[in-house]
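Everything below concerns the one structure shown next.
The values are calculated or read from the model by the stated rules, or taken from the named source; none is laboratory data. Remember, it's a predicted structure, so these values are computed and weren't measured experimentally. For neighbour counting, all protein chains shown are included, and Cβ atoms are generated from backbone atoms with ideal geometry for every residue, glycine included.
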Amino acid sequence: MDTNSDSRLKVLFLGTGGSFGVPMLGCDCVVCTSDDPRDNRLRTSALLSFDGRNVLIDASPDLRTQALTYGISTLDAVLFTHDHADHTFGVDDLRAYNLRRRGRLPCYGDAATLASIRERFNYIFSSTPALGSRPRLDLCEVDGPFDLWGRTIIPLDVYHGDQTITSYRIGDFGYITDASALPDVTIETLRGVRYLALNALRHEPHPLHLNLSEAQEVAAIIGAETTYLLHLGHEVGHRVVSDELSDGVELAYDGLTLEV
């Protein structure tokens with residue numbers, strides 16, 4: 001997706017799968033062997049495009065495949081939700097965008113996430129000269145709303161088991177992944193969004209993630225025009241589960257594009 005001058009916010013779901021992706025390695029279940037392309041899910045990530053800018057939400061291990069699939073030739077910033085492998089292990093691929101932009105890439109996240117990135121990818125921030133290329137990243141800590149090229153980005157706390165991670169509201173769009181519960185203040189701040197992306201791993205309860213039933217309850221409380229469920233496990237078949245969802249709730253799929 002090349003940048004353009006359109007002022008509308010465009011959201012491209014680059015991946016909608018859980019940490020294993022779908023198909024899961026070594027699995028021959030009905031979803032992993034499905035012929036429905038919507039059941040093929042790369043690890044969860046999204047691209048926001050507005051005013052000629054591209055902003056990535058999370059750098060998944062599938063970033064290179066996602067960028068090639070959807071023609072992402074430029075990046076201007078990255079928003080991180082948390083530090084888990086399925087949301088950060090594409091960081092090294094960001095160096096290609098440094099070459100494209102001939103400069104550093106700003107990366108936003110909470111203090112714990114940025115500290116983890118600095119530790120896990122310590123070679124990026126080493127003062128030792130490197131013969132090869134490495135990403136050039138500016139780690140920008142966020143603890144409240146901030147501006148990106150005229151757009152207000154509102155970071156919001158959600159719970160991921162016993163860890164507090166970050167979700168985001170950008171205008172009429174809310175993005176939540178890996179939540180197991182939402183604080184009341186986050187729910188209140190998300191009221192009024194037209195579109196909400198919300199994680200829903202599977203039917204059965206999970207200690208770190210909302211399940212399908214819990215996600216639909218959260219969707220009803222926030223009251224978005226449409227809620228798109230993502231971070232879906234291989235237990236979730238698109239055709240079957242879509243028929244079971246509440247009005248106004250849909251399963252997201254890789255390549256789904258919204259205009260907000």
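The residue that is nearest to Gly174 (Cα to Cα), among those in segment 1-23 that are surrounded by fewer than 18 Cβ atoms within 10 Å (Cβ to Cβ) and modelled with pLDDT of 95 or more, is Lys10.
Criterion applied to Asp172, Asp184, Asp162 was being surrounded by fewer than 23 Cβ atoms within 10 Å (Cβ to Cβ), of a type in the set (Asp, Glu) and closer than 14 Å to Thr227 by Cα, and the one residue passing it is Asp172. Of the set (1) surrounded by 17 or more Cβ atoms within 10 Å (Cβ to Cβ); (2) under 17 Å from the mean Cα position of the chain (by Cα); (3) more than 27 Å from Thr69 (Cβ to Cβ), all apply to Leu201 but (3). Considering only residues that are over 30 Å from Asp162 (Cα atoms) and touching a Pro at 6+ places or on another chain (Cβ under 8 Å), which ones fall in segment 94-113? Residues satisfying the conditions are Arg95, Asn98, Leu105.
Taking the listed residues Ala46, Ala67, the one that is in a strand (DSSP E or B), in contact (Cβ under 8 Å) with a residue 24 or more places away in the chain and among the small types (Gly, Ala, Ser) is Ala46, with no other qualifying.
Considered as a group, the residues in segment 91-113 that are touching a residue at least 40 places away in the same chain (Cβ under 8 Å) and not in a helix (DSSP H, G or I) include one that is farthest from Arg53 (Cα to Cα), and that residue is Asp110.
Among residues of segment 19-34 that are touching a residue at least 12 places away in the same chain (Cβ under 8 Å), those with a Cβ under 7 angstrom from a residue that is of a type in the set (A, V, I, L, M) and in a loop (DSSP other than H, G, I, E, B), sequence gap 6+ or separate chain, pair up as Gly21/Leu42; Val22/Val31; Val31/Val236; Cys32/Met24.
Restricting attention to segment 125-144, the residues being in a loop (DSSP other than H, G, I, E, B), surrounded by 11 or more Cβ atoms within 10 Å (Cβ to Cβ) and either out of contact with any Lys or Arg (no Cβ under 9 Å at 6 or more places or on another chain) or among the aliphatic types (A, V, I, L, M) (or both) number 1. Looking across segment 114-124, the residues that are assigned to a helix (DSSP H, G or I) and surrounded by fewer than 19 Cβ atoms within 10 Å (Cβ to Cβ) come down to Ala115, Ser116, Arg118, Glu119, Arg120, Asn122, Tyr123, Ile124. Does segment 79-88 contain any residue that is more than 25 Å from Asp172 (Cα to Cα) and surrounded by 22 or more Cβ atoms within 10 Å (Cβ to Cβ)? Scanning segment 79-88 turns up at least one residue that is more than 25 Å from Asp172 (Cα to Cα) and surrounded by 22 or more Cβ atoms within 10 Å (Cβ to Cβ).
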